[in-house]
1. Quick one: what are the phi-derived ³J(HN,Hα) couplings along region 27-35, Karplus 6.51/-1.76/1.60 with θ = phi - 60°, whole Hz, x for glycine and proline?
2. Which FRET efficiency value, to the nearest 0.05, do you get for ARG97 and GLU175 by plugging their Cβ-Cβ distance into 1/(1 + (r/R0)^6) with R0 = 22 Å?
3. Rounded to the nearest 20 debye, what is the charge dipole size of region 106-215 about its Cα centre when +1 sits on each Lys and Arg Cβ and -1 on each Asp and Glu Cβ?
4. Roughly speaking, what is the stretch gain from ARG11 to GLU202, that is 0.36 nm per residue apart minus the C-alpha to C-alpha distance, in nm to one decimal?
5. In whole Å, how far is the Cα centre of region 161-189 from that of region 127-147?
6. Students often get this wrong: which residues of region 109-153 have the backbone nitrogen under 11 Å from the point 7 angstrom along Cα-to-C-beta of GLU167?
7. I want to check the label-to-label distance for THR23 and THR112. Put each point 7 Å from Cα in the C-beta direction and report it in nm to one decimal.
8. Distance between the C-alpha centers of region 100-116 and region 17-55? Whole Å please.
Amino acid sequence: TVGPVMRMMFRTRVEGIENIPGTGPVILAGNHLTFIDSMILPLVCDRTVHFIGKDEYVTGKGVKGRAMAWFFTGSGMIPVDRDGANGGVAALMTGRRILEEGKIFGIYPEGTRSPDGRLYRGRTGIARLTLMTGAPVVPFAMIGTDKLQPGGKGMPRPGRVTIRFGEPMEFSRYEGMDRDRYVLRAVTDSVMAEVMRLSGQEYVDMYATKAKEAA
């Protein structure tokens, strides 16, 4: 119901969709510019994309809260309390379960939205997931979503959005090394380098959360 309206509103242009395998576990890893990224990504994929979202997205009250819960659960979001003491572990284990079921898991390695449109250092959860499950990583880039919803808040305005998917990346040569922090960093940086190439963003070698704290 919502999909056709959103496609017309955002005029999505998709490049490289054929790079997403038709079956089996896949990790989609990309940049994160604004709130609507997680609404647009599932629209352009033929397979359901499962991703982690804040549990507050499905616990809201009133008509708006119920509408948000209906949309996000219907589009594949799995609510997790990421602010709790074990939030990171819960998110990682949820992603692993989805991949072991042969599904697609979407992740933003930066861990949060970019505060200024630049691409920030990736967190190594993406590397642990691909090494633990053997799932290939398909990098992607969201282009233009931050222009339609600056700051990630408020109603987005209509406009053109491009989503660019790169070729699958596999890291079987590092099998069994998901505890090696040097390997995890190398794998993560390889994925982020490809996301940077696809997006054309300037890269900043620090975590986005640190940049937000310093602002």
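Each reported figure results from applying straightforward, stated rules to the coordinates on display, with no laboratory input. Keep in mind that this is a model prediction, so the values were computed, not measured. Counting neighbours? That spans all protein chains shown, and the Cβs are built from the backbone with ideal geometry, glycine included.
1. 9, 9, 10, x, 6, 9, 9, 7, 4
2. Numbers: r = 20 Å, r/R0 = 0.89.
FRET efficiency, ARG97 to GLU175: 0.65.
3. Working: 17 positive and 13 negative charges, 85 e Å.
Charge dipole of region 106-215: 400 debye, to the nearest 20.
4. Working: separation 191, 0.36 × 191 = 68.76 nm, distance 2.49 nm.
Extra length from ARG11 to GLU202 when fully extended: 66.3 nm.
5. Between the Cα centres of region 161-189 and region 127-147 lies a distance of 9 Å.
6. Nothing falls inside the zone, counting backbone N under 11 Å.
7. It is 4.2 nm.
8. 8
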